[in-house]
1. Please verify whether Asp409 is among the charged types (D, E, K, R), closer than 30 Å to His256 by Cβ and modelled with pLDDT of 80 or more, treating the condition exactly as stated.
2. What about Lys115, is it more than 16 Å from Leu52 (Cβ to Cβ) and either assigned by TED's automatic domain parsing to the domain that holds Ile60 or at pLDDT below 85 (or both)?
3. Identify, by number, the condition in (1) acidic (Asp, Glu); (2) at pLDDT 85 or above; (3) closer than 21 Å to Arg108 by Cα that Asp156 doesn't meet.
4. Would you confirm whether or not region 63-84 contains a residue that is closer than 21 Å to Val178 by Cα and either loosely packed, with under 14 Cβ neighbours inside 10 Å or in the same structural domain as Leu196 (by TED's automatic domain parsing) (or both)?
5. Among the strands (runs of 3 or more DSSP E) contained in region 16-90, which hold 3 or more residues that are aromatic (Phe, Trp, Tyr)?
6. If you go through region 298-345 one residue at a time, how many are closer than 20 Å to Ser264 by Cα, in a helix (DSSP H, G or I) and not aliphatic (A, V, I, L, M)?
7. Counting just the residues of region 234-278 that are in a helix (DSSP H, G or I) and in contact with an Asp or Glu (Cβ under 9 Å, 6 or more places away or on another chain), which one comes out modelled with the highest pLDDT?
8. Search region 127-140 for residues that are at pLDDT below 90 and pair each with any residue that is of a type in the set (Ser, Thr, Tyr) when their beta-carbon atoms are under 8 Å apart and the residues are at least 6 apart or on different chains.
Amino acid sequence: FPGNLLLLFQAALLGPVFCGNVLVWPTEGSHWLNMKKVTEELIHRGHSVTVLVSNASLFIKSGDDTMEKFEVYNVPFKTDTIETMIEEVVALWLNNRPTMLTFWQFYREMGNMFKNWHEMNMLMCDAVLTNHKLMAHLQGSGYDLLLTDPVTLCGDLLALKLSIPFVYSLRFSPGFTVERHCGKMPAPPSYAPAALSELTDYMSFGERIKNILSYHLQDFIFRSYWGHWDTYYSKILGNHWLNMEYILDELVVRGHEVTVLLPSCFLILDATQASPFQFEVIEAPITKKEMAAMLEEAFYFWFYEERQLPVWETVYKMFQILYKMENLTKIICDGVLKNKALMQRLMASNFDVLLADPLVPSGELVAEKLGIPFIYTIRFSIGNTVERLCGMLPAPPSYVPATLSRLADRMSFLERLKNIFSYTVQDFMYHFLLWGITSAACTRVNTQSWEFQAQIRIHTGMVLKPLERELISRIHR
């Protein structure tokens with residue numbers, strides 16, 4: 001009798017189980033054989049599996065005996081490009097295996113092959129992510145999950161664009177570089193052999209030295225050839241918008257109405273596509289192509305050039321880029337504040353609060369003109385300048401690293417000197433480059449704000465105070 005009660009209790013806890021819809025981002029060669037076993041088991045258990053594959057694929061093809069569905073996209077290279085690349089990697093590994101004397105030569109050649117592979121990989125990403133018809137089809141297919149091979153990058157990026165979770169089919173990067181630096185996987189070189197080192201967890205002293213060299217060389221290759229991917233991911237995702245989008249989605253879920261002021265040159269959002277947000281488009285005198293070129297220059301500098309250029313050249317180029325971005329911000333700001341029809345619509349909409357990204361000044365100016373409070377989405381300014389000088393944030397340079405300095409809170413003596421220099425340079429840039437323009441705009445807007453709001457009240461039939469009428473009549477004499 002007690003056993004029957006327990007069985008009934010367990011049965012009462014059971015819930016329905018539904019089959020899922022899985023999208024697959026694969027890699028050529030033996031990696032596909034590994035993933036195919038997973039997809040076949042998923043299909044056997046009743047799930048729907050679709051493989052996203054290029055028309056130049058060497059091994060991943062649809063056939064009579066295949067159970068998966070295939071979504072084919074076009075790429076600007078042929079099948080023999082992939083075949084040649086695979087043959088070169090195999091030949092290097094089988095015929096020129098690294099020894100203690102040929103380590104550097106081997107990894108330099110492997111780095112060049114990675115560079116070629118990444119260039120081809122980026123073409124594959126572009127072929128999918130810039131194909132609006134394909135992306136709309138994928139978004140409408142209702143996928144629950146993306147299964148991706150980490151060797152071919154972009155699976156995680158595609159999952160983010162489709163707003164679905166993703167799962168890696170294996171844990172692998174040269175020297176476990178991604179796992180160690182991004183996932184914080186513990187890997188003491190005396191005990192954990194680096195991927196591609198052909199070592200085991202039992203190593204002699206000489207093998208441990210080889211393992212340490214493997215880690216350092218593969219880290220060097222990683223940092224040398226992955227800078228372009230940093231730029232690419234930032235360009236596609238627009239990381240600041242990604243941060244704000246999560247907040248806005250949650251506000252919509254909780255029943256709030258959200259309106260986005262969208263510059264016409266904005267690359268990531270399209271006001272004509274279906275969205276949970278409403279849009280007010282700001283016409284900017286700059287094309288999307290010009291905007292993309294400006295961001296590409298900035299991203300390439302921050303993620304790649306800044307590490308290699310001399311200090312004086314880095315500072316000079318930083319000035320140039322920030323000056324361009326500041327002028328663009330001023331143009332967009334004027335596109336809002338000087339557009340009377342737009343400002344009247346915004347005033348009439350009775351917004352309760354303005355959510356602004358502090359990296360792009362002018363959000364607080366719009367809020368001031370509308371007479372509503374504003375909230376910053378993040379705490380961030382160059383060198384923490386606004387937080388330190390306006391918000392009195394304590395930031396002793398020996399302990400608190402400056403924003404963009406790439407330092408941690410534990411610094412050597414030389415790193416502390418670098419941090420002090422970073423604060424000094426960024427304060428100088430803030431005062432003499434950024435704040436001059438922003439301060440002038442703030443003064444102009446604040447002195448005109450009360451007059452604008454008074455005019456709006458006149459147009460909407462509201463009664464003005466006697467002092468407001470007197471001031472307006474004096475201005476327009």
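The values are calculated or read from the model by the stated rules, or taken from the named source; none is laboratory data. Here the structure is a predicted model, which means the values were calculated and not measured. Every residue, glycine among them, receives a Cβ derived from its backbone with ideal geometry; neighbour counts consider all protein chains shown.
1. no
2. Working: more than 16 Å from Leu52 (Cβ to Cβ): yes; either assigned by TED's automatic domain parsing to the domain that holds Ile60 or at pLDDT below 85 (or both): yes.
Against the criterion (more than 16 Å from Leu52 (Cβ to Cβ) and either assigned by TED's automatic domain parsing to the domain that holds Ile60 or at pLDDT below 85 (or both)), Lys115 qualifies.
3. (3)
4. No, the conditions are met nowhere in region 63-84.
5. none
6. Count: 11.
7. At the first step, the residues of region 234-278 found to be in a helix (DSSP H, G or I) are 234-237, 239-253.
Imposing the further condition that a residue be in contact with an Asp or Glu (Cβ under 9 Å, 6 or more places away or on another chain) reduces the set to 235, 240-241, 243-244, 251.
On the way: Lys235: 69, His240: 73, Trp241: 77, Asn243: 75, Met244: 83, Leu251: 90.
Out of the qualifying residues, it is Leu251.
8. Asn131/Tyr73
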